[in-house]
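To start, the structure itself, in structure tokens.
The values are calculated or read from the model by the stated rules, or taken from the named source; none is laboratory data. Note that the structure is a prediction, hence the values are computed from the model and not measured. Neighbour counts run over all protein chains shown; Cβ positions are idealised from the backbone, glycine included.
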Amino acid sequence: MTTWKKEEFDNFETTDVLEKSSELGINQEKLIDMYRTMVKIRIFEEMADKQYALGKVHGTMHLSAGQEAVAVGAGFAINKGDYLLNHHRGHGHFIASGADVNKMMAEFLGKDTGYCHGRGGSMHIADVTANNLGANGIVGGGLQLAVGVGLAVQMKKTDQIVLTIFGDGAANEGIFHESLNMAAIWNLPILYLCENNQYGMSANVVRVSAKTPFKDRAAAYGIPGYYIDGNDVLAVYEFIRKAADNARSGKGPVFVEAQTYRYFGHSKSDRNLYRTKEEIDYWKSVEDPIIRFEKLLLNANLIDIQSINMIKEEMSKVIDESVTFAENSPEPDVKDVTEWVYA
Amino acid sequence: MPEITYREAIHDAMVEEMRRDENVFLIGEDIGTYGGAFGVSAGMLAEFGPERIRETPISELAIVGAAAGAAMVGMKPIAELMFMDFILLALEPLMNQAAKARYMFGGKATVPMVVRMPGGSGTGAAAQHSQSLESILMHIPGIKVVAPSTAYDAKGLLLSAIRDPNPICFVEHKLLYKVKGEVPVGEYTIPLGVADIKHPGDDITVVTSGIMVQKSLAVAQKLNQEGISVEVLDLRTLRPMDSQAIINSVKKTGRLLVVHEAVQTGGWAGEVMAVVSSSEAFDYLDAPMRRLAGKDVPIPYNRFLEAAAVPQEADIEAEIRAIVSNKY
Ligand SMILES: Cc1ncc(C[n+]2csc(CCOP(=O)(O)OP(=O)(O)O)c2C)c(N)n1
Ligand SMILES: [Mg+2]
């Protein structure tokens, strides 16, 4: 049941990983690292869900299981020092950009050792010192900030780019227009990555969007746009890499829409009334980005079952440790509640 | 000291700081060739070029959002809104992004930005171009709200605002742009959060800001001749509010009138009264505290209606007379 692939992807499905990776200049070590990171994200998200079920999480969360290829393809394709502005479903993007899962889990559990000293939670994880300017609780929030970050980069004449990741839902916010228009008229080094998981909460993207794919909207601003298979990690890598090169070389913004699918409900509570079990099962089995990548690597003899199992065990341990770290961390001191309101 | 207008004072503060600090830039609608809706940025495009006098499409949300983004990565943007009313299109980046980034991110971000906005009534611009929305802005922790009443204060406060590491709403009153005042040549700053006694007095304290300072001063001078001694305390910065200055003044005079143009309900006069009622100054009160604020209506177009919607000198005078003669 694939009613969602309404339009043709701009990429071809990666079939020959050896050819593709040599074309992209990715060595085996990096391929394995990409795979490992996808597994890490999946296990982190499953653990987050478990922590929530155990009643240990005070707030909400938006899990990205099923969307790992977008996070990893993009995270690996940009440079250290590039700016990242992402959205509420941001765990994967952070992990892919090298974030410390201990600090992430601690933040998720509201601890003082978290990235934001427990002030932000799942939806506001940020590491400003690493140019990671934060997940955003406002749909489309990153789109406005990205314009300014792009301006700053342009004015300071550094060779950074700005990667802003947002959902299909954000594409229907007014700021989408304002942001793309400004980026286009000023030729800003912004890479718009629309992570189209086909739903904004319960709203199917086709139902609430007058015209898809969204790359047609990018065209309206003269911004090159691509609609790609977001569950193919190498395709994501390829397009984001090229888009990043484009933006970095002063040619202005690029728009990439990566189609993917979210497994868990929208947030902590979701009875999946807006989609069928068959649909979810189809994506989890046929389209799963980790299984697809695994198959490619196995077929090319770049990995074997034993190492796959080892990686999974290793990542489970890392995530278990993050929970231990978070659990053993102190709560923030209540007397500091008004700290950091002003600089 | 040379006399210049409030508009020129703001212009000079921006120009001088942009010469000193290359990270400062101005972003807004029609700020280039046109010089801004109220002419504040006239001539700046010629000196600084289109990159630093960044003229935008009509996109308030993105203007303030972009300012916040740039500020987070080391720039010091000054965003100009054509009218204060348009901040309502950009409350999202102001209140959800700029105001909260530092706190949400555990103290690791700074957002040094200024949003300049002409507010207030008196030009017949009616309901959607005449509002005084300071109280709304003041409600959000993380934001500072500054509202100068004189050319001298405007320049010194704007310099401090640009250099301050927090998001600042800088509220300019349209009717003040043409008002002249003595302003020294060159650099000076006025600290944020410090009120100023614009007219010392013993009988009653009038706590006010912006255009109402000018009106209150006219009344204070008039009543002085009759032996009614009015202390006009100009808050200058509404948030953080200089509570100590309010307390000190009320302890001296024993009476309080708060005057603001913003509508009464939910207005910041209530904050001033709360400061007094929960401090030692309360025991010094000889009369009930009073407030005189804009009526709870959208600003009307008709000039008489417009004038009736906000406090005028005669209203302030009558209210002061009533309080000092123990009418309440
Ligand atoms: C301005 C705004 N409106 C509504 C919401 C509530 N909300 C949070 S996430 C979401 C759906 C967003 O969908 P999408 O952009 O596709 O991202 P996804 O959740 O699918 O990753 C909504 C409606 C919000 N946080 N901000
Ligand atoms: Mg979505």
Subset of segment A:141-159 (residues that are within 9 Å of chain B (Cβ to nearest Cβ) and among the polar types (S, T, N, Q)):
A:GLN144, A:GLN154
When you go through A:GLU178, A:GLU173 one by one, which is the residue that is over 13 Å from A:ALA247 (Cα atoms) and within 16 Å of ligand 2 (Cβ to nearest atom)?
A:GLU173
Test for B:GLN264: is it surrounded by fewer than 15 Cβ atoms within 10 Å (Cβ to Cβ) and either over 28 Å from B:ILE190 (Cβ atoms) or not assigned by TED's automatic domain parsing to the domain that holds B:ILE136 (or both):
no
Could you please find all residues in segment B:115-173 being within 14 Å of chain A (Cβ to nearest Cβ), closer than 23 Å to B:PRO2 by Cβ and surrounded by fewer than 24 Cβ atoms within 10 Å (Cβ to Cβ)?
B:SER160
Identify the residue in segment A:237-269 that is aliphatic (A, V, I, L, M) and within 16 Å of ligand 2 (Cβ to nearest atom) and, among all such residues, is nearest to the other protein chains (Cβ to nearest Cβ).
A:VAL256
Output the number of residues of segment B:45-64 satisfying the condition of being within 7 Å of chain A (Cβ to nearest Cβ) and assigned to a helix (DSSP H, G or I).
3
Condition (residue is in contact with a helix residue (DSSP H, G or I) (Cβ under 6 Å, 6 or more places away or on another chain), free of Cβ contacts under 8 Å to residues at least 40 places away in the same chain and part of a loop (DSSP other than H, G, I, E, B)) applied to segment B:111-133: is it met by at least one residue?
no
Looking at segment B:316-324, is at least one residue surrounded by fewer than 13 Cβ atoms within 10 Å (Cβ to Cβ) and either modelled with pLDDT of 95 or more or on the phi > 0 side of the Ramachandran plot (or both)?
no
Of these, B:LEU256, B:LEU305, B:LEU235, B:LEU285, which one is of a type in the set (A, V, I, L, M) and under 23 Å from B:ALA125 (Cβ atoms)?
B:LEU305
Based on this model, can you work out whether B:MET75 counts as crowded, with 18+ Cβ neighbours inside 10 Å, within 14 Å of chain A (Cβ to nearest Cβ) and more than 19 Å from the chain's Cα centre (by Cα)?
yes
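Looking at B:MET138, B:MET84, which is the one that is farther than 24 Å from B:GLU17 by Cα, touching a residue at least 24 places away in the same chain (Cβ under 8 Å), in contact with a Leu (Cβ under 6 Å, 6 or more places away or on another chain) and not assigned by TED's automatic domain parsing to the domain that holds B:GLY267?
Being farther than 24 Å from B:GLU17 by Cα, touching a residue at least 24 places away in the same chain (Cβ under 8 Å), in contact with a Leu (Cβ under 6 Å, 6 or more places away or on another chain) and not assigned by TED's automatic domain parsing to the domain that holds B:GLY267 holds for just one of B:MET138, B:MET84, which is B:MET138.
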Tell me which residues, restricted to segment A:184-224, are away from ligand 1 (no atom under 14 Å from the Cβ), touching a residue at least 40 places away in the same chain (Cβ under 8 Å), closer than 21 Å to A:VAL236 by Cβ and not in a loop (DSSP other than H, G, I, E, B).
A:ILE190, A:LEU191, A:LYS215, A:ARG217
Here are A:ASN309, A:ASN301: which of them is over 19 Å from the mean Cα position of the chain (by Cα), surrounded by fewer than 18 Cβ atoms within 10 Å (Cβ to Cβ), at pLDDT 95 or above and at positive phi?
A:ASN301
Could you tell me which residue of segment A:161-174 is nearest to ligand 1 (Cβ to nearest atom), considering only residues that are surrounded by 24 or more Cβ atoms within 10 Å (Cβ to Cβ) and within 10 Å of chain B (Cβ to nearest Cβ)?
A:THR164
Does A:TYR227 satisfy the criteria of being buried (at least 18 other Cβ atoms within 10 Å of the Cβ) and farther than 17 Å from A:GLY92 by Cβ?
yes
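Looking at segment A:282-314, which of its residues are under 19 Å from A:ASP49 (Cα atoms) and without any contact (Cβ under 8 Å) to a residue 24 or more places away in the chain?
Across segment A:282-314, the qualifying residue is only A:GLU313.
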Taking segment A:141-164 and keeping residues outside any helix (DSSP H, G or I) and touching a Lys or Arg at 6+ places or on another chain (Cβ under 9 Å) leaves A:ASP159, A:GLN160, A:ILE161
Return the residue satisfying two criteria in turn: it lies in segment A:181-201 and is within 14 Å of another protein chain (Cβ to nearest Cβ) and of a type in the set (Gly, Ala, Ser), and of such residues it is nearest to ligand 2 (Cβ to nearest atom).
A:ALA183
What tally of residues in segment B:186-242 results from selecting those that are outside any strand (DSSP E or B), under 21 Å from B:ARG116 (Cα atoms) and hydroxyl-bearing (Ser, Thr, Tyr)?
3
